[in-house]
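The values are calculated or read from the model by the stated rules, or taken from the named source; none is laboratory data. Model, not experiment: these values are computed from the prediction. Because the Cβ atoms are built from the backbone with ideal geometry, glycine has one as well, and the counts that use them run over all protein chains shown. Calculation scope for accessible area: heavy atoms of the full protein, side chains included, ligands and nucleic acids excluded. Shrake-Rupley method; radii C 1.70, N 1.55, O 1.52, S 1.80 Å.
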Amino acid sequence: MSTTAENPPAEGNEGTVETRGLEPVPDNERTGRVGELFPTWVAANISVLLLTMGAGLIVFNGLNFWQVLVVSVTAPVVSYGLVGLISIAGKRGGSPGMALSRAVFGQRGNLFPGSLIWVARWGWETINAVTGAYAVLTVLDLLFGVQSSTTLVVITLLLFVTCTFVVSGLGINALRVCQKWSTYLFGVFSVLVLVYLIANTDWASVFAKPAGSTAMLIAGIGTIAAGGISWVPSGPDFTRYLPRTASPKGMVGASIGGAGIVVLPMVLMGAVMAVSTPDLAKAQDPVSFIGELLPAWISVPYLVIALIGMLLINSMSMYSAGFTAQTLGIKVPRAWAVSVNAIISLIFGFLLMVVATSFIGSFISFLTLLAVAFSAWIGVFGVDMFTRTSYDGEALMDTTRTSAYWYRGGFAWTAMAAWGVALVVGLLFTKVDWFTGPLATTWLGANGLGWVVTILVAAALYAVLPRQKPASDTPVETRETLSI
């Protein structure tokens, strides 16, 4: 195997900066532990946007407290259950998710879902950069009375994106350290916020709110789950350093547990806050309300910890985006590949903060489309993962006609057809602020289940259509049978 920007030498991967790119991690470097996935998915959810989304379940969906509880339990189980399942491919193949995807779609075919997922990452990183910048602005206002301005917006965005670039560029070891300590700190201050809310909330008003419709309950689950769905293609990126013997059940459990322990209280807190402050659900600035609802001795440190969390979310996203960029043929080391997304999130973030009229509206629309876009890949990749016995590491890295994953003209046409049809069908059932599919008024569309339809259609088509086998088999010694 040649040494390229996509396939750097193994030396140096144990240092401060991770130099390994798309190539499979050798067994002797697989020193990770399943338990490390718990803080990983805690960190991926430390965002005050969950408070806003919880408020939206009360204000827009018309749900009551108990229905919000159902949503906040069900959504992470569904979405991060998928994250955990697809993560199994990472420990089996030792490569990032979009590199393993080459085995499914073909060396050229993978460019299509890869491009869509890469572009979707731009939006996710932009949303988080904006939220992080709002957190900085709110802290400056609470501590020093500094008012927001266009110049300050640019400075805070630049600061946030730069920090994100540094952490994501350092790689997996830096992310693990940050995730561990942010989990501890966020847990402590979340308990303080919960205690304050319990003591100062008008619970009679909270429990007096009537129940909403079942349709809005299901739609709420889809909205909250969409954030987790966006992490599914990245799942293998964080499990490729696990030994082949790592427990699949443990991986799924750690993914659900890490996300759930954050999503549950955050969404519930947002719902409780919305009873007395309904504007929370539609604020252009989704962060400043915390300073109004909580005393400064809680709100300032809480915002600082949340800021660190949002920085980690963006760092994780850019870390994965770097791999995706490499699969698209950008011939630079992973640490520099993330710079492309950093620049894009800076530009789009400025437009969203200064030009856009509705932050939360843009965010929900983005999440909805993101879930559909990723779900088409999930359906195909998931069926393939459960039906294959191995990944050929050498073929994954070989992007020429000699690759076992070249298939026909570089495309695995069955996978491409299933993915394309499912993507179109899913959009037919989808409705956002500026787009309405012709089937969006049906029961499935009205309940926000377009992403579920997408997964099922993609999986069913890929399962029943005839598939072309790779040109060569993987050596027996690298094979592993999946068992859960």
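The set of residues in segment 418-458 being part of a helix (DSSP H, G or I) and in contact with a strand residue (DSSP E or B) (Cβ under 9 Å, 6 or more places away or on another chain) consists of Leu427, Gly445, Ala446, Gly450. Checked against (1) under 22 Å from Ser168 (Cβ atoms); (2) modelled with pLDDT under 95, Gly62 passes all but condition (1).
Let me confirm something: among Val191, Val177, which residue is at pLDDT 80 or above, open to solvent by 70 Å² or more (accessible area, probe 1.4 Å) and either within 17 Å of Ala43 (Cα to Cα) or within 19 Å of the chain's Cα centre (by Cα) (or both)? Break it down into steps so the answer makes sense when it comes.
Working: Val177 fails: at pLDDT 80 or above.
Residue meeting the stated conditions: Val191.
When residues in segment 366-381 are screened for being open to solvent by 10 Å² or more (accessible area, probe 1.4 Å) and either small (Gly, Ala, Ser) or without any contact (Cβ under 8 Å) to a residue 24 or more places away in the chain (or both), 1 of them pass.
For segment 142-157, name all the residues that are assigned to a helix (DSSP H, G or I), among the hydroxyl-bearing types (Ser, Thr, Tyr) and open to solvent by 50 Å² or more (accessible area, probe 1.4 Å). Full working, then the answer.
As a first pass, look at segment 142-157 and keep what is assigned to a helix (DSSP H, G or I): 142-144, 150-157.
Subsequent filtering for residues that are among the hydroxyl-bearing types (Ser, Thr, Tyr) retains 150-151, 156.
Scanning segment 142-157 gives Thr150, Thr151.
Among residues that are at pLDDT below 80 and either open to solvent by 20 Å² or more (accessible area, probe 1.4 Å) or of a type in the set (A, V, I, L, M) (or both), Ile172 is included.
Looking only at segment 387-410, filter to residues that are among the aliphatic types (A, V, I, L, M) and either open to solvent by 40 Å² or more (accessible area, probe 1.4 Å) or touching an Asp or Glu at 6+ places or on another chain (Cβ under 9 Å) (or both); which one of those is nearest to Leu100 (Cα to Cα)?
From segment 387-410, those among the aliphatic types (A, V, I, L, M) are 395-397, 404; that's our starting set.
Applying the additional criterion that residues be either open to solvent by 40 Å² or more (accessible area, probe 1.4 Å) or touching an Asp or Glu at 6+ places or on another chain (Cβ under 9 Å) (or both) yields 396-397, 404.
Working: Leu396: 7, Met397: 10, Ala404: 13 Å.
The extreme case among them is Leu396.
Name the residues in segment 459-468 that are part of a helix (DSSP H, G or I) and either open to solvent by 90 Å² or more (accessible area, probe 1.4 Å) or hydrophobic (A, V, I, L, M, F, W, C) (or both), would you? Write out each step before concluding.
Taking segment 459-468 first, the residues part of a helix (DSSP H, G or I) are 459-464.
Listed by number, the residues that qualify are Ala459, Ala460, Leu461, Ala463, Val464.
Looking only at segment 196-231, which residues are closer than 28 Å to Tyr302 by Cα, touching a helix residue (DSSP H, G or I) at 6+ places or on another chain (Cβ under 7 Å) and among the hydrophobic types (A, V, I, L, M, F, W, C)? Residues satisfying the conditions are Leu197, Val206, Phe207, Ile221, Ile224, Ala225, Ala226, Ile229, Trp231.
If I filter segment 108-151 down to residues being in contact with an Asp or Glu (Cβ under 8 Å, 6 or more places away or on another chain) and polar (S, T, N, Q), which single residue comes out as farthest from Ala371 (Cα to Cα)? It comes out as Gln147.
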